[in-house]
Amino acid sequence: MIFSSEQFGKSLADLTEGFKKHEVWSTLAFEDIRSRYMRSYAGIGWIFLSFAFFVLVKIVIFGPTSGKDTSFFGPYVVIGFFVYMFMSTTIQEGCSTFISARGWIKGAKIPLTVFALKSLARNCILASINFGVVILAILYFKPEMTWFALWSFPLFGLLILNGIWVILMFATIGARYRDFVHAANTVMRVMLFLTPIFWVPETIGPIWDKLLKYNPLSHYLILVRDPVLYNRFPMDSFIVVMSITVLGYIACAFVFTYGRSRVPFWV
Amino acid sequence: MAEIFVKDLTLTYPLLGSGVRKKIINPWASGAGSVERGKDDKSRGVLALKDVSFHLKKGDRLGIVGPNGAGKSTLLRVLAGIYEPSVGEVRVEGEIATLFNIGLGLQAEATGYRNILLSGLISGKTRKEIVAKLPEIEEFSELGEYLKLPVRTYSNGMAMRLKFAAGTTFEPNILLMDEWLGAGDKKFTQKARARMQDIVSSAGILVLASHRQRLIQNECNKLLWLESGEVKAFGEVDDILPDFLESMEPEGQKSTHMIPKVRKVAKPPKPKDTAEAVVVPVPVSSMPLAVSPAAASPEPAPKKTAPKKKATPKKKNTPDKESAPNKNSASGRKGATQKIGRKKKAGGKKKTSAAPAIGKKPSSGGKKKGGKAKADVRAKSPQAKTPGRKKRAGGKKKAPAAAVSKKSAKPASAAKPAKTRKPRVKKAGTRK
């Protein structure tokens, strides 16, 4: 009964309606950022500044131990952290997306997808600001790049595509089990060091092959970074990511179909 | 065009969190308002609505009444499509506008204009449509330059104006309101009512949950009386409202702060009231929404007050005054202090105001104002045995302090009511 085709149909309708309301979620996304930085002098500049500052310190600290040239390690850290930031905010804020949209959800009938897309759009806006730092880093460090690097853009699109199921699913679970939000925060904090951002897989030794390469986030990251810095298409990572994407959407379909009508009670 | 059709609507409000699951108020009650226990998620929760059926056509203005926790807001949310019913059929045709909590959905940091835009977008309008309606919203809300300020700076009434204007300007067919217009001034309320009538007269439907009798009488033609999730009555306002008001009387009187009424009512029908109370409002008090046990059980209170009065004279008078109506708490205290100062006279007078109702039953005789109560007291209360009038004066003085000590010291009847009541009074006082 819970997973009846009727319920699934309603979930799909929620999704399509949510996409149609692009004016709503894009406006809400901007409003979100706007209200967060409204009364500060630097405003949105803080997004840029905090990212740049963090990355700079990491390059200085970890650069000497990386065993790589700074012209490589600089952009390596910047791109890596850029992608990681996108993933972690998507996951972490995804968990509390419905919870923080409580006021809207309880006030009127709105497709829940709207809030998921709002969250994703907001993250994309933040990422586009951070992208400025990536550009600066590439201009400054001048790594060896070819036109092959342009592959990164469609592959980053794949990350955004994953963002939809991640947020929809995690937001539903997060509304039901509040522990999930905290668990996600905890995990993501650790993942920062288990993902090849501040270290390079080929210099870290066997631990990469034995353990760390099973971290799915690594493959999302490699997918975007390798075309830029290694001039290669990471086929293995691509396969991993594509499988996760498909499985993720299937899992999301179940979770969201189950939770959609309950979320208004849960939040 | 607008139509609302509800048939056998049942809705279980899921209870989540281990705390809620373990501590359930009145788990033995069955029926609506009771807690259902089941292993699967679906059947565990509060039965918020049970077998609700009604039908509204264009032009209908439905008032939903019922005690707190009866399911009014839940029903509105079901009509709005926010909650999906567990069982039953709900069909709502027409464009819905919802006016629930004033704060819900307002972005505190955004300006009034931004909020108009956002709420318009949320309710499915395009940016163009919203911009086109902007002048009308500006005019209706009368907020003027304030619309350029963040909503966080607004007063409650201003926020309400903004929300009402933004919510109703797009000519919805169905307007769902939950306890609204409370914060508005007279002029705006008038305006808002005119608009509500506009909506209804253009083939719309108004559904209004409210505790305000006059609003219901003025605005509604139909009435749905909910009690612990079930429909107690549905029909024309004139047919149902009297019965409903009667059922709410003890509470209603208290809330209106009319001391004499409370006592009159409390005295004679003690047994009846209590019996009714046990039957009817208990499930209500079992709803999680009830603030405190004291607040939830109105009937027991009068009961207890009456015995108090009999048993302990002066001392009890002061607590009674405090406890009966909220606002009286202040006056009651004043009375106590005055008594202390004026001694006999003041005390006697006050007694007359407070005690007559109580005293009527037991003591039909002596019309001496102070005399009755005192006499009664002496006879019935062991502690008050101290006879001489001089001592009475002393007793009066002690009154406030004594009341406190008695709570802890006294055993049976008097102590309990005092305990339950006093906290209530204090709460009310602190709130205000």
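The values are calculated or read from the model by the stated rules, or taken from the named source; none is laboratory data. Keep in mind that this is a model prediction, so the values were computed, not measured. A quick note on method: Cβ atoms are made from the backbone with ideal geometry, for glycine too, and the neighbour counts reach across all protein chains shown.
In segment B:105-137, the qualifying residues are those that are within 11 Å of chain A (Cβ to nearest Cβ) and among the small types (Gly, Ala, Ser), and the one that is nearest to residue B:179 (Cα to Cα) is B:105.
Considering the conditions (1) surrounded by 15 or more Cβ atoms within 10 Å (Cβ to Cβ); (2) among the polar types (S, T, N, Q); (3) more than 26 Å from residue B:82 (Cα to Cα); (4) within 14 Å of chain A (Cβ to nearest Cβ), residue B:189 is excluded by exactly one of them, (4). Screening segment A:17-60 for residues that are free of Cβ contacts under 8 Å to residues at least 60 places away in the same chain and touching a Ser or Thr at 6+ places or on another chain (Cβ under 8 Å) and picking the one that is nearest to the other protein chains (Cβ to nearest Cβ) gives A:23. Every residue in segment B:69-104 that is at the interface with another protein chain (Cβ under 8 Å from one of its Cβ atoms), farther than 17 Å from residue B:49 by Cα and either touching a residue at least 24 places away in the same chain (Cβ under 8 Å) or of a type in the set (Lys, Arg) (or both), please. Result: B:96, B:98, B:100, B:101, B:103. The residues in segment A:195-216 that are surrounded by fewer than 20 Cβ atoms within 10 Å (Cβ to Cβ) and under 16 Å from the mean Cα position of the chain (by Cα) can be counted, and the count is 2.
Of all residues in segment A:146-185, those satisfying the criterion of being free of Cβ contacts under 8 Å to residues at least 12 places away in the same chain and either surrounded by 23 or more Cβ atoms within 10 Å (Cβ to Cβ) or away from chain B (no Cβ under 14 Å) (or both) are A:147, A:153, A:154, A:157, A:182, A:183. The residue of segment A:1-16 that is modelled with the lowest pLDDT, among those that are in contact with a helix residue (DSSP H, G or I) (Cβ under 7 Å, 6 or more places away or on another chain) and either more than 10 Å from chain B (Cβ to nearest Cβ) or more than 22 Å from residue A:110 (Cα to Cα) (or both), is A:3.
When B:81, B:71 are screened for being closer than 22 Å to residue A:7 by Cα and at pLDDT 80 or above, only B:81 passes. Select from segment B:95-140 the residues that are crowded, with 17+ Cβ neighbours inside 10 Å, of a type in the set (Val, Ile, Thr) and assigned to a loop (DSSP other than H, G, I, E, B) and list them in ascending order. Correct list: B:102 only. Being in a helix (DSSP H, G or I), at pLDDT 85 or above and surrounded by 17 or more Cβ atoms within 10 Å (Cβ to Cβ): is that true of residue B:170 here? Spelling it out, it is not the case that residue B:170 is in a helix (DSSP H, G or I), at pLDDT 85 or above and surrounded by 17 or more Cβ atoms within 10 Å (Cβ to Cβ).
Scanning segment B:41-68 for residues that are free of Cβ contacts under 8 Å to residues at least 60 places away in the same chain and either within 11 Å of chain A (Cβ to nearest Cβ) or within 23 Å of the chain's Cα centre (by Cα) (or both) gives B:41, B:42, B:45. Take the conditions (1) over 13 Å from the mean Cα position of the chain (by Cα); (2) within 14 Å of another protein chain (Cβ to nearest Cβ); (3) surrounded by 22 or more Cβ atoms within 10 Å (Cβ to Cβ); (4) in a helix (DSSP H, G or I); residue A:117 misses just one of them, which is (1).
Where helices (runs of 4 or more DSSP H) fall wholly inside segment A:201-267, the ranges with 3 or more residues that are out of contact with any helix residue (DSSP H, G or I) (no Cβ under 9 Å at 6 or more places or on another chain) are A:206-210, A:235-259.
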